[in-house]
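Working notes, beginning with the structure itself.
Every read-out reported here was derived from the displayed coordinates using simple, explicitly stated rules and does not represent laboratory data. Please read all numbers here as calculations on a predicted model, not as lab measurements. All Cβ positions, even for glycine, are placed from backbone atoms using ideal geometry, and neighbour counts span all protein chains on display.
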Amino acid sequence: MHDVFIQIIESGPPLLEALKRFRQHRPAVAGAVIIAILCFVALLAPFLVRPEHLQPELAHRLLPPCSEYLLGTDNLGRCILCRLISGARITLLIGIFVVGVTSMVGVLLGAIAGYWGGLVDGVIMRFVDVLLAFPGIILALAIAGILGPSLFSIMFALSLVGWTSYARVVRGAILSIKEREFVEAARSLGAGDLRLIFRQILPNVMAPVIVMATLGMAHVILAAASLSFLGLGVQPPAAEWGSMLNAGRPFLRTAPQMTVFPGLAIMITVLAFNFLGDGLRDALDPWLKEAG
């Protein structure tokens, strides 16, 4: 904690002002709390979930919410609450993996295109234009369909189509930053290209990347649930919110808890990440303007 405090003080007033603005954004604070709770529950899922409640028990099938099963049971007698908790691990795994891969690839290619320009910039950005010519979810559907339904397919498909927005934003920011005085000063002191990119330029474009990554988590979670709902993502018996929605479709009238609660879980999680992203965007607004 002492090291974190020292880093905050050394970062100067801009960070303190950003933290103050973020705290004043109530929906963002609420979103951060929800996400923290979700991460905590996902990490403790092996200790919170009783294995027998994940096993089929036909004698308890389609029970409404009660004292033993707080959110009821599904068509196979499995506890819906326990499956939602287990599904949170898969949902966060997909989101963190896809956002991590797409942000790293997008930032790297955007930095290369923006800094060197010329033929390299033309090749990278034309490839970006080709990918952006197709709706992302349709392209992900095609890729997941070719690879076959699995957790790997959904993560690979979403990673392949999601890095382009990062590349465009980083390229645009670097085009304006690379000509600034502090970059020219570092270059005149003998700094090489890699040092200029990673030590001088990229730290000044991380604010919009952080905002995009936070909002991207919401998009990835929603897209992953959509692919699983269509049968192209995580397959039963694994608990995943989108596949739980799909399994509950035939029971909308007789057992609405099978679709209502997974749908609420997706909605609340997506809203939480959107609120957090909006709050970070407002908090980092001066840095975003400076980077632009």
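Which order do the peptides 168-177, 211-220, 125-134 come out in when sorted by mean C-beta neighbours inside 10 angstrom, highest first?
Top of the packing list down: 211-220, 168-177, 125-134.
Measure nothing fancy, just the Cα-based angle from helix 26-43's long axis to the longest principal axis of the chain, in degrees from 0 to 90, nearest 10.
Helix 26-43 sits at roughly 60 degrees to that axis.
Quickly rank 104-111, 272-279 as a protection proxy: mean count of other C-beta atoms within 10 Å, highest first.
Working: 104-111: 20.9, 272-279: 22.5.
Peptide ranking by packing, descending: 272-279, 104-111.
Work out the FRET efficiency for residue 127 and residue 147 from their Cβ-Cβ distance, taking R0 = 25 Å, and round it to the nearest 0.05.
Rounded to the nearest 0.05, the efficiency is 0.75.
Cysteines without a disulfide-compatible partner in the chain, using Cβ under 4.7 Å as the rule?
39, 66, each lacking another Cys Cβ under 4.7 Å.
Assign unit charges at the C-beta atoms only (+1 for Lys and Arg, -1 for Asp and Glu), then state the dipole size of the chain relative to its Cα centre in Debye, rounded to the nearest 20.
With Lys and Arg at +1 and Asp and Glu at -1, about 300 debye.
Using a 7 Å offset from the Cα along the Cα-to-Cβ direction at both residue 48 and residue 93, what is the distance between the two label points in nm, to one decimal?
About 1.7 nm, to one decimal.
Scaled to the compact-protein estimate 2.2 N^0.38 Å, what is the alpha-carbon radius of gyration of region 205-282, rounded to two decimal places?
Taking the Cα Rg and dividing by 2.2 N^0.38 Å, one obtains 1.29.
Cut-off 10 angstrom, C-alpha nodes, Gaussian network model of the chain. Which of 257, 235, 55 fluctuates the most?
It is 55.
If the chain between residue 181 and residue 26 were fully stretched, how many nm would it gain, using 0.36 nm times the residue separation less the Cα-Cα distance? All intermediate terms of the calculation are to be shown ahead of the outcome.
Values: separation 155, 0.36 × 155 = 55.80 nm, distance 3.78 nm.
Value of the extension gain: 52.0 nm.
On a 0 to 90° scale, report how tilted helix 13-24 is relative to the longest principal axis of the chain, with both axes built from alpha carbons and the result rounded to the nearest 10.
30 degrees
Between the helical axis of 151-162 and the dominant principal axis of the chain, each derived from Cα atoms, what acute angle in degrees is found, rounded to the nearest 10?
Helix 151-162 and the main axis of the chain meet at about 30 degrees.
Of [x] 23.7; [y] 21.2; [z] 19.5, which one was derived for Kirkwood radius over Cα pairs in Å from the structure shown?
The value computed from this structure is option [y].
Between residue 108 and residue 249, what is the FRET efficiency for a Förster distance of 51 Å, r being their Cβ-Cβ separation, to the nearest 0.05? Walk me through the numbers on the way to the answer.
Working: r = 41 Å, r/R0 = 0.81.
The pair residue 108/residue 249 has a calculated efficiency of 0.80.
Scan the chain and hand back the longest stretch that contains none of the GluC sites (Glu not before Pro) lying in DSSP loops with at most 12 other Cβ atoms within 10 Å.
Values: sites that count: 68, 179.
It works out to 180-292.
What is the gain in length, in nm to one decimal, between residue 116 and residue 268 on full extension, counting 0.36 nm per residue of separation less the C-alpha to C-alpha distance? It would help to have the intermediate numbers written out before the result.
Working: separation 152, 0.36 × 152 = 54.72 nm, distance 4.22 nm.
Gain on stretching residue 116 to residue 268: 50.5 nm.
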